[in-house]
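Each remark here refers to the structure printed beneath this line.
The values are calculated or read from the model by the stated rules, or taken from the named source; none is laboratory data. Remember, predicted model here, so these are calculated numbers, not experimental data. All Cβ positions, even for glycine, are placed from backbone atoms using ideal geometry, and neighbour counts span all protein chains on display.
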């Protein structure tokens with residue numbers, strides 16, 4: 001930073017200017033902090049998974065707390081359309097494990113939708129990207145309710161799910177569902193169920 005003769009701060013010289021990832025994706029020297037830190041998880045337990053080996057297959061890949069860190073990770077991992085069948089990415093607020101048993105999730109629920117592979121193969125990467133951006137960008141009115149998001153790759157479909165901290169407030173849940181659907185440009189009906197009810201058939205779900 002340069003100064004003028006009156007000892008006041010002057011406009012930064014070219015050498016002093018911050019370079020962001022938006023100006024130069026390789027040589028940037030400034031970072032933009034996120035409101036929350038997030039952890040990316042991965043698992044691929046296979047078809048014969050159960051509660052024990054699923055948790056063993058769950059891997060904590062990396063935590064991010066800036067915009068630049070997010071793009072650095074996103075640009076260097078497998079895209080959703082290239083992931084093997086039975087695998088999942090989980091992006092959760094740091095300190096929350098992508099498990100129903102975690103204290104932040106145990107009373108919560110999730111918005112989810114299944115997207116047929118034959119229809120969404122060319123769209124799933126953008127849907128997953130915009131889902132993550134909505135989360136790290138604090139796009140939700142009830143942001144504290146958001147625990148994390150998951151994309152699952154199956155033989156016949158992809159599944160997007162957003163996990164919430166609670167499941168007993170329909171107004172908050174509907175607001176989150178509508179925001180997610182709009183932010184990620186999701187075409188189709190999303191359903192919300194509590195984690196407790198997800199294992200049951202015939203349970204009534206909220207939809208957007």
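Summary table below
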| quantity | calculated |
| --- | --- |
| Any hit, segment 96-111, residues being under 24 Å from residue 54 (Cβ atoms), free of Cβ contacts under 8 Å to residues at least 40 places away in the same chain and surrounded by fewer than 16 Cβ atoms within 10 Å (Cβ to Cβ) | yes |
| Any hit, segment 148-161, residues being without any contact (Cβ under 8 Å) to a residue 40 or more places away in the chain and in contact with a helix residue (DSSP H, G or I) (Cβ under 8 Å, 6 or more places away or on another chain) | no |
| Hey, residue 146 in contact with a strand residue (DSSP E or B) (Cβ under 7 Å, 6 or more places away or on another chain), more than 22 Å from residue 79 (Cβ to Cβ) and either surrounded by 15 or more Cβ atoms within 10 Å (Cβ to Cβ) or not assigned by TED's automatic domain parsing to the domain that holds residue 84 (or both) or not | yes |
| Meets criteria (modelled with pLDDT of 75 or more and either under 23 Å from residue 194 (Cα atoms) or not assigned by TED's automatic domain parsing to the domain that holds residue 112 (or both)) for residue 74 | no |
| Qualifying position, being within 22 Å of residue 151 (Cβ to Cβ) and modelled with pLDDT under 90, among 37, 57, 63, 13 | 57 |
| Test: residue 120 is buried (at least 21 other Cβ atoms within 10 Å of the Cβ), at pLDDT 95 or above and either over 17 Å from residue 182 (Cα atoms) or in contact with a helix residue (DSSP H, G or I) (Cβ under 8 Å, 6 or more places away or on another chain) (or both) | yes |
